[in-house]
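Working notes for the structure below.
What follows draws every value from the coordinates through simple rules; no lab data is involved. Computed from a predicted structure; not experimentally measured. Every residue, glycine among them, receives a Cβ derived from its backbone with ideal geometry; neighbour counts consider all protein chains shown.
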Amino acid sequence: MARIVGSITTSHVPAIGGAIAKRLQSDPYWKPFFDGFPPIRKWLAEVKPDIAVVVFNDHGLNFFLDKQPTFAIGAAPEYRNADEGWGIPMVPPFAGDLDLSWHLINSLIADEFDMVTCQEMTVDHAFTLPMALLWPDQKWPVRTVPICVNTVQFPLPSAKRCYKLGQSIGRAIESFDSDARVMVIGTGGLSHQLEGTRAGFINKEFDLKFMDSLIKDPTWATQFSDLDLVEQAGTQGVELLNWLVARAALTGRVTLEHSSFHIPISNTAAATMLMENHV
Ligand code: DHB
Ligand code: FE
């Protein structure tokens with residue numbers, strides 16, 4: 001059966017794509033953020049995952065405000081980066097893993113998660129930039145399965161529901177008849193708000209408590225309603241739901257192998273975590 005090796009969570013600010021293109025990794029503004037990644041890359045080089053299940057939110061590329069699935073999953077042989085604005089250079093396409101996609105779809109739907117199944121899907125900065133941070137040569141060594149969570153348009157799935165989705169993903173991966181090593185990536189957050197009178201809102205105390213909870217008390221965030229999360233983390237800070245899904249997919253004892261936290265990148269409190277799964 002497949003083995004879940006761990007979760008990596010990271011922010012996904014579009015400006016990161018611009019910084020990569022302009023080679024600003026050592027620039028004083030960017031260095032504290034990019035410095036969060038070498039330890040994660042070292043772990044990846046040692047563990048060598050075969051497949052990455054990537055939990056993120058689509059920012060209007062596949063689903064706009066007229067059609068917004070709560071949970072969607074890719075079942076395509078390949079996922080291409082598409083132009084979403086921002087002026088970010090395109091990255092090479094990502095290979096899919098149709099066997100794991102369909103196993104997840106069958107398992108999740110049997111487990112009462114009514115996923116929208118996407119046999120075509122393009123991917124935006126929330127998928128491409130975390131991958132480019134993990135593998136800067138952009139020669140992707142993993143096959144991928146994208147999972148989109150609606151963190152964009154109310155009503156959003158609750159933190160409690162997202163946690164249960166993550167647990168269901170974890171069970172599904174572990175029942176996948178394969179010897180693949182599977183990692184789960186969660187992207188977005190942490191606190192940020194891009195519009196309205198609270199534009200620029202950041203809540204370091206809440207972010208650090210949330211990160212700590214993922215190791216020590218992973219259901220902690222499930223006590224909050226989505227409006228509570230907006231209040232605490234900002235209208236786009238609710239992207240932390242993607243982190244919660246990725247963490248909840250870990251089935252064993254979880255250890256924190258690395259983390260970083262830096263304010264701000266663009267409008268966002270930018271953070272990473274590497275959590276290893278011991279089964
Ligand atoms: C920013 C953050 C996001 O999560 C996003 O999707 C777009 C922009 C920002 O901080 O600029
Ligand atoms: Fe975002």
In segment 145-190, residues that are surrounded by fewer than 24 Cβ atoms within 10 Å (Cβ to Cβ) and either within 16 Å of ligand 1 (Cβ to nearest atom) or over 30 Å from E205 (Cβ atoms) (or both) total 15
Picked from segment 1-20 (must be in a loop (DSSP other than H, G, I, E, B) and within 12 Å of ligand 2 (Cβ to nearest atom)), the residue surrounded by the most Cβ atoms within 10 Å (Cβ to Cβ) is S11
The helices (runs of 4 or more DSSP H) lying wholly within segment 192-279 that contain at least 2 residues that are within 16 Å of ligand 2 (Cβ to nearest atom) and surrounded by fewer than 21 Cβ atoms within 10 Å (Cβ to Cβ) are 226-233
Over segment 58-91, the set of residues within 16 Å of ligand 1 (Cβ to nearest atom), of a type in the set (D, E, K, R) and within 19 Å of the chain's Cα centre (by Cα) is D58, E84
Among residues of segment 105-128 being away from ligand 1 (no atom under 16 Å from the Cβ) and assigned to a helix (DSSP H, G or I), the residue farthest from E84 (Cα to Cα) is A110
By residue number, the members of segment 181-191 that are outside any loop (DSSP other than H, G, I, E, B) and away from ligand 2 (no atom under 11 Å from the Cβ) are R181, V182, M183, V184, I185, G186
Going through segment 81-129 in order, the residues found to be at negative phi and charged (D, E, K, R) are D83, E84, D97, D99, D111, D114, E120, D124
